[in-house]
Amino acid sequence: MKTFIYIFLVFMSTSVFAQKKPSDYFKNPKTKVLVVGSFHFDYPNLDANKINTEDQIDVLSPKTSNEVTELVEYIKRFKPTKIAIEAWPSWNANQKLKEYNDGKHRDKRDERYQLAMRIARDLKIKELFSIDAECIWDDLQKKFGKSDSTFFNTLSKEYDFRSNDAISQQFNRFFKSSEPKNFKSLLDTFIYMNSKESHQYGYGAYLSGDFKLREYDGADMLALYWYSRNLRMFRNIQNIPHNNEDRILVIAGNGHAAVLRQLFTSSAEYDFIEFSSLK
């Protein structure tokens with residue numbers, strides 16, 4: 001009897017310790033994806049974090065142009081087969097890519113030309129996928145804004161990314177320190193911007209400041225506006241025809257990249273490749 005009990009206990013302990021890891025249940029082949037978070041090379045300054053003119057760099061200047069080439073060559077190590085960009089369908093990316101391959105648009109500073117189209121040309125990729133999307137907030141305003149403007153105006157009141165509390169000031173200093181002028185090269189800038197830690201704090205920036213507006217207004221605005229847009233961008237990436245042999249390069253603003261990192265690393269369909277691992 002004692003022997004039986006001993007064997008039973010050994011069996012039970014072995015079963016407990018042999019419990020699979022969560023990842024062991026998801027051994028399906030995954031599509032590799034590289035998300036390259038970028039600042040906007042042409043500085044439209046439409047984002048919450050704006051760059052002063054004296055702090056901007058000119059990607060067409062001889063020095064920085066060489067750094068762009070270095071960055072392009074670095075990203076090409078990923079060997080993408082598909083390229084997705086932060087652009088609206090109305091931007092007509094593939095018409096512009098055709099024109100770029102014909103020699104046009106070489107004087108454009110926009111990172112979609114300087115990075116995405118250069119990489120597409122060099123790797124003979126004939127199509128770009130535009131993944132930007134309006135958010136549910138826009139949809140709701142179009143449908144109900146006129147009939148219930150008071151609700152929308154009240155919910156979004158003071159949601160303007162201008163908070164000046166202590167935590168918001170820390171984020172302002174962090175974003176200021178991340179500007180290209182503070183690095184020896186554009187590649188170093190991108191390695192820093194696209195690090196796991198930088199994305200973690202970039203993601204966290206939306207969880208302070210305006211997020212705390214009233215009881216739930218800030219949280220609801222984040223969900224309806226920023227998070228909805230990024231979830232839809234992720235959904236657009238899912239809709240790109242692909243198989244597990246494909247390698248998808250995503251080039252988007254770094255604010256989007258921080259959210260996309262969270263989504264891709266949580267997805268069972270994709271293998272998120274760290275930007276710094278291309279060295």
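The values are calculated or read from the model by the stated rules, or taken from the named source; none is laboratory data. This is a predicted model, so every value here is computed, not measured. Counting neighbours? That spans all protein chains shown, and the Cβs are built from the backbone with ideal geometry, glycine included.
Being among the hydrophobic types (A, V, I, L, M, F, W, C) and either on the phi > 0 side of the Ramachandran plot or over 20 Å from the mean Cα position of the chain (by Cα) (or both) is the filter here; which residues of segment 57-75 pass it?
Taking segment 57-75 as the starting set, the residues that turn out to be among the hydrophobic types (A, V, I, L, M, F, W, C) are 57, 59-60, 68, 71-72, 75.
Answer for segment 57-75, where residues must be among the hydrophobic types (A, V, I, L, M, F, W, C) and either on the phi > 0 side of the Ramachandran plot or over 20 Å from the mean Cα position of the chain (by Cα) (or both): ILE57, VAL59, LEU60.
Considering only residues of segment 158-175 that are closer than 15 Å to PHE211 by Cα and outside any loop (DSSP other than H, G, I, E, B), which is nearest to the chain's Cα centre (by Cα)?
The first filter runs over segment 158-175 and keeps only residues closer than 15 Å to PHE211 by Cα, leaving 158-169, 171.
From what is left, the residues that are outside any loop (DSSP other than H, G, I, E, B) are 166-169, 171.
Numbers: ALA166: 26, ILE167: 23, SER168: 21, GLN169: 23, PHE171: 18 Å.
Restricting to residues being closer than 15 Å to PHE211 by Cα and outside any loop (DSSP other than H, G, I, E, B), the top hit is PHE171.
Consider VAL68 carefully, then state whether it is modelled with pLDDT of 90 or more and closer than 14 Å to ARG112 by Cα. Steps first, answer last, please.
Numbers: modelled with pLDDT of 90 or more: yes; closer than 14 Å to ARG112 by Cα: yes.
In short, yes.
Regarding PHE161, is this residue at positive phi and modelled with pLDDT under 85?
On the way: at positive phi: yes; modelled with pLDDT under 85: yes.
Judged against the criteria, PHE161 is a match.
Can you run down the residue pairs with Cβ atoms below 6 Å, 6 or more apart or on separate chains, where the first is in segment 59-88 and closer than 20 Å to ILE237 by Cβ and the partner is in a loop (DSSP other than H, G, I, E, B) and at pLDDT 90 or above?
From segment 59-88, the pairs are THR81/ASP246; LYS82/ILE240; LYS82/ASP246; ILE83/ILE125; ALA84/ILE131; GLU86/ASP132; ALA87/ASP132; TRP88/ASP132.
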